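Down below is the structure, laid out as structure tokens.
The values are calculated or read from the model by the stated rules, or taken from the named source; none is laboratory data. Bear in mind that the values here come from a model prediction, so they are computed numbers and not experimental data. Virtual Cβ from ideal backbone geometry, glycine too; neighbours counted across all protein chains shown. Protein only, heavy atoms only, side chains kept; ligands, DNA and RNA dropped before computing areas. Shrake-Rupley method; radii C 1.70, N 1.55, O 1.52, S 1.80 Å.
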Amino acid sequence: MADNIKEIKKLQEEVLKKLPEQIASKTVKSLDEDEVLRNYKLALDDLRKDGVNKIVALKQEIAAAKKNKMLEKAQCAEIIAKCNKQIEDAKVVAARNKDADKAITKDAVAYANTVSDAYIKQVNEEQSALQAKHTENYKKQLADIKAATAARIAKLSDPEEIKVAKFECKSELFDAKSKYQSEIDRCKDIKNQAFVDHVQTNRALRNGKTNFGENLSLSFKNYVYQFKMSQFMLNNGLYLAILVFFIVCIIIAPLSGNGQLLSLPNILTILEQSSTRMFYALGVAGLILIAGTDLSVCRMVALGAVTTGLILHPTKNIVTFFGMEPWDFTGLPMGGRLAMALCLSIALCVFFSCFSGFFTARFKIHPFISTLSSQLIIYGLLFFGTSGTPVGSIDSNIKDLIGGRWILGVMNGNLITFPKLIIPAVVAIFVAWFIWNKTTFGKNMYAVGGNAEAAAVSGINVFGVTMGIFIMAGIFYGCGAFLEAFRANASAGTGQGFELDAIAACVVGGISFNGGIGKIRGAVLGVIIFTGLTYCLTFLGIDTNLQFVFKGFIIIAAVALDSVKYLKRK
């Protein structure tokens, strides 16, 4: 092995001496053709074949044996025991060759980087020159086509023949553009592939191990390679416009005498206002993912908040629910009252959500109708049952415990407090993200949203998935409604308009009304954007009625962009 390494080093020195000359003459070889790298790979393979590579192969053999249902337990145990013994022997070899492997890998990667840099530079120069040549030829071709068409039209008098000539000209121009774009894309492919080959070679030399710097560079190169301004603006134009709006508000606020908008207390207040609304957006996001919606959110909020307010009221309630005597829960321990309030809020929201979900899943009624029905039923029951009377505030001690703030300290003369409601919102975001991205149910949600018929044919229980989404939404609504009672005095009118804000937040966040497209981070971002928008406008003293105008423009812009993207995908 030592003699082989000496020969490789000697060959490496010779190649590196010739490299400046090869760079000047543009004859640098690719990494696949490089003899030194080939020898390095052979040397590393020789070191690893009875060590680390054998360990990997044996572990795969053990995994295959465990999955093989044709093997009896005794045979499987025998294979595993045999493999484990060989693994122990391979570990000894791997430990013995570790230092040599590390040293050779380091030298090989350093050499690959040197040669690859020169090769990539050579490829970029060649392809850039070729791109310039293609561009020049394309411009000349366009001029020739237009000149030939103009000369042809000059000889014609029949309008139909002129129309045909213009149509043929457009066809030729389109063909020329397609060919030109294809040639430019080929040049870009070659440039990008040169760098990809470099990264893959280094990974192979490290036996599959990645490098953070290389991964970062590769991600950036791929982004630049795939970047198209039109697609970028289509995906992010609305966010850029909103960002500009926020920047303008931040600049205008102190000039108009309203103080600093971009301050830590204001940011925390926006997050606090977003916290309960996050639950509603996370719930309705699942329904939008299956090309539905939910108009009952506002009444679900009122239902859960009224229930919570009744149970956690510090004294005997003033509300005569359905004409009965006022309820008094003060005799129960506070822990039991909290658990009862949360469980009842969730149970009631899940019940009415299931009511809507059943008609949608069983009879294919659009969620717009089924949830509208639930909204009206809940609305009538609440107002009839409570006569529209607010249930009053909840116990101040428990309100501060769950819905209060932690004092962080003083900054620039301002008392900084952290809203406690942010914590359950963060937990809800994580739970929703996990369900959407890490569970079979989450994958089935996307499948049903993308194409319910295809999902059913592939064996997915569409009825079960749809009901599951409605149940999940009800749980989120129940939790959010429970927390909403800690922010304001609950009544049958609590949550008015929340369903529109939740739906709008999801749409702005990129969850498509066409179904099957969207991410939890989109819903989260949408809630923060809408809450921040309202807060900024209120901070600047903009009339509440005008705020609806801003929201309306944002919603129609978001839906329009989503429709354009959907049409392009089709």
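Shown for the stretch 5-107 is the translational diffusion coefficient from the Stokes-Einstein equation, using the Kirkwood radius over Cα pairs, a temperature of 25 °C and a viscosity of 0.890 mPa s: 148 µm²/s. Taking the helices alone, the chain has a mean residue ellipticity at 222 nm of -27000 deg cm²/dmol, built from -39,500 (n - 2.57) per DSSP H run of at least 4 residues and averaged over all its residues. A simple spin-label model places pseudo-atoms 7 Å from Cα toward Cβ; at Ile190 and Asn461 they are separated by 5.7 nm. The Cys residues in the chain with no partner Cys Cβ within less than 4.7 Å of their Cβ are Cys76, Cys83, Cys169, Cys187, Cys298, Cys343, Cys349, Cys354, Cys479, Cys506.
Evaluated on the stretch 185-229, the Kirkwood hydrodynamic radius is 11.1 Å, with distances taken between all distinct Cα atoms. A 1.4 Å probe run over the stretch 58-194, with the rest of the protein chains in place, finds 69 Å² accessible per residue.
For the chain, the longest principal axis of the Cα atoms and the long axis of helix 212-226 meet at an angle of about 90 degrees. Normalised by 2.2 N^0.38 Å, with N the number of residues, the alpha-carbon radius of gyration of the stretch 290-357 equals 1.29. The long axis of helix 520-539 is offset from the longest Cα principal axis of the chain by roughly 60 degrees. Can you work out the FRET efficiency for the pair Glu160 and Val564, with r the C-beta to C-beta distance and R0 = 35 Å, to the nearest 0.05? So the FRET efficiency works out to roughly 0.50. Given their separation in residues at 0.36 nm each and the Cα-Cα distance between them, Phe550 and Arg521 gain 8.2 nm when the chain is fully extended. Given 37 °C and 0.692 mPa s, compute D for the chain with the Stokes-Einstein relation, Rh being the Kirkwood radius over Cα pairs; round to the nearest whole µm²/s. Approximately 109 µm²/s, per Stokes-Einstein.
Stokes-Einstein diffusion for the stretch 366-483, with the hydrodynamic radius set to the Kirkwood value over Cα pairs and evaluated at 10 °C in a medium of 1.306 mPa s, equals 87 µm²/s. Computed over the Cα atoms of the stretch 207-336, pair by distinct pair, the Kirkwood hydrodynamic radius stands at 21.2 angstrom. For the chain, the fraction of 1.4 Å probe accessible surface lying on carbon and sulfur atoms is 62 percent.
Kirkwood hydrodynamic radius of the stretch 465-570, from the reciprocal of the average inverse Cα-Cα distance over all distinct pairs: 15.5 Å. The gain in end-to-end length when the Ile153 to Thr440 segment is fully stretched comes to 97.0 nm, 0.36 nm per residue minus the alpha carbon separation. Taking all C-alpha pairs of the stretch 493-543, those more than 17 Å from each other amount to 43 percent.
Toward the positive end of the charge dipole of the chain, with +1 on the Cβ of Lys and Arg and -1 on the Cβ of Asp and Glu, the farthest Cα among Pro419, Phe355, Pro390 is that of Phe355. Suppose a student asked you for the relative contact order of the chain, using Cα pairs under 8 Å spaced at least 6 residues apart; what percent would you report? Relative contact order here is 17 percent. Helix 297-312: angle to the longest alpha-carbon principal axis of the chain, degrees 0 to 90, nearest 10? It is inclined by approximately 60 degrees. If you take the alpha carbon atoms of the stretch 99-248 and fit the smallest convex hull around them, that volume is 183 Å³ per residue. Each Lys or Arg adds one and each Asp or Glu takes one away; over the other residues whose Cβ falls under 14 Å from the Cβ of Ala504, this sums to -2.
Distance distribution note for the stretch 138-177: the fraction of Cα pairs above 14 angstrom is 44%.
Pair-distance distribution of the stretch 346-387: all C-alpha pairs, bin width 5 Å, starting at 0; shares per bin in whole percent are 6, 24, 26, 23, 12, 6, 2. I'd like the FRET efficiency for Lys364 and Val427, computed as 1/(1 + (r/R0)^6) with the beta carbon distance as r and R0 of 35 Å, rounded to 0.05. The calculated FRET efficiency here is 0.50.
Highest mean packing comes first when the peptides 200-211, 278-289, 35-46 are listed by Cβ atoms within 10 Å, giving 278-289, 35-46, 200-211. Per-residue extension of 0.36 nm, minus the Cα-Cα distance of Leu262 and Leu372, leaves a gain of 35.7 nm for this segment.
For the stretch 264-387, the share of alpha carbon pairs falling in successive 10 Å distance bins from zero is 12, 35, 31, 19, 3 percent. Within 14 Å, Cβ to Cβ, of Glu172, how many net charges do the neighbouring residues add up to if Lys/Arg are +1 and Asp/Glu are -1? Residues near Glu172 contribute +4 overall. Our summary gives the stretch 371-517 a relative contact order of 30 percent, counting only alpha carbon pairs under 8 angstrom and 6 or more residues apart.
What the Cβ-Cβ distance of Thr210 and Phe174 gives, at R0 = 35 Å and to the nearest 0.05, is a FRET efficiency of 0.25. The alpha-carbon atoms of the stretch 97-140, seen along their principal axes, cover 62, 12, 5 angstrom, with the largest extent given first. Over all other residues within a Cβ to Cβ distance under 13 Å of Val462, the charged ones net out to +1, with Lys and Arg as +1 and Asp and Glu as -1.
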